[in-house]
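Let me begin by presenting the structure, written as structure tokens, before commenting on it.
Quick note: the coordinates plus some simple rules give every number you see, no bench work behind them. None of the values given here were measured: they were computed from a predicted structure. Cβ sites come from the backbone with ideal geometry, for glycine too, and all protein chains shown count toward neighbours.
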Amino acid sequence: MAEMLVIRHGQASFGQDDYDVLSDLGKRQSAAVGAVLRDLGWVPDRLVTGTLTRQKDTLSEMGFSDPPEEHAGFNEYDFHDLLHARYAGQVPDLVKGDRKAHFRALRDTIFEWQDEKFDGAAETWEQFAERIEAARSFATDTDARRVLVISSGGVIGQLVATALGAPRRQMMNLNLQIRNTSITRFVFSGDNFSLAEFNATPHFSHAEGAKLISYS
């Protein structure tokens, strides 16, 4: 069986004008997960990212200099667009400025998106799910035995939920648990695609590493 490791990008710049930039913490997280893969002797023979800057920069900070293949199906959902659609352009200040309120709104917005309770978003839930499946198929249609993918929390949550045959609500429950630069491992062969490990952080399993943990 071949392996596909999907790593969530390092912490991005939450609350800044451009979210799609790694924070200093995100860069340290990325270096740490790259180091632990090398320590484990896990050398990828295929590199894939989405098209987002924070995903590609995570791979670079991990110490992989070869240009990756890109597939937009590994990009995160556009939460700002979804909020704008849900609130008809009038997003409450509390949702924009308070971290806890933001993540409550994130969960509830995704659930309403799944249930088609609002219109106007650039992407429907079904389109999101379909492009992730297309990205998974792209990454696993290969002779490579070790595929390394850098993606985002919502995509990883959906990949895991689909592999487990879980209800669609589970995607968001998983999404909110996923740590920055955590490792989720799948095994695949032909049409078979199974979850082997979820949200692992061996690079944080010591006192100094624990200081690097973040969820957004």
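Close amide H partners of N180, meaning residues 5 or more places away or on another chain with modelled amide H under 5 Å apart, are S214, Y215, S216.
In percent, rounded to a whole number, the relative contact order of the chain is 31, using alpha-carbon pairs under 8 Å and six or more apart.
Whole angstrom only: what separates the Cα centroid of the range 52-66 from the Cα centroid of the range 136-169? Computed from Cα coordinates, the inter-centre distance equals 19 Å.
For the range 18-137, what relative contact order do you get, as a whole percent, if you take Cα pairs closer than 8 Å and at least 6 residues apart? Answer for the range 18-137 is 23 percent. With the cut-off at 1.5 for a/c, could you classify the range 78-122 from its C-alpha gyration tensor as rounded, prolate or oblate? Oblate.
Between A196 and R185, F186, V187, the built amide H atoms are under 5 Å apart, and every one of these is 5 or more places off in sequence or on another chain. Per-residue ellipticity at 222 nm computed for the chain from its helices equals -13000 deg cm²/dmol, with DSSP H segments shorter than 4 residues left out and the rest contributing -39,500 (n - 2.57). Each peptide in 21-32, 103-114, 187-198 was scored by the mean count of other Cβ atoms within 10 Å over its residues; highest first, the order is 21-32, 103-114, 187-198. Evaluating kT/(6 pi eta Rh) at 37 °C and 0.692 mPa s, with the Kirkwood radius of the range 124-206 over Cα pairs in the Stokes-Einstein relation, gives 245 µm² s⁻¹. The mean sequence distance of close C-alpha pairs (under 8 Å, at least 6 residues apart), as a share of the length of the range 78-122, puts its relative contact order at 50 percent. In order along the range 42-52, the Karplus-derived 3J(HN,Hα) couplings, from 6.51 cos²θ - 1.76 cosθ + 1.60 at θ = phi - 60°, round to 8, 10, x, 10, 8, 10, 9, 9, x, 9, 7 Hz, and Gly and Pro are given as x.
Dividing the convex hull volume of the alpha-carbon atoms in the range 1-57 by its residue count gives 78 Å³ per residue. When the alpha carbon gyration tensor of the range 78-164 is reduced to an equivalent ellipsoid, its three semi-axes come out at 30, 14, 10 angstrom, largest first. Taking every Cα-Cα distance in the chain and sorting them into 5 Å bins starting at zero, the pair-distance distribution P(r) comes out as 1, 7, 15, 20, 21, 17, 11, 6, 2, 1, 0 percent.
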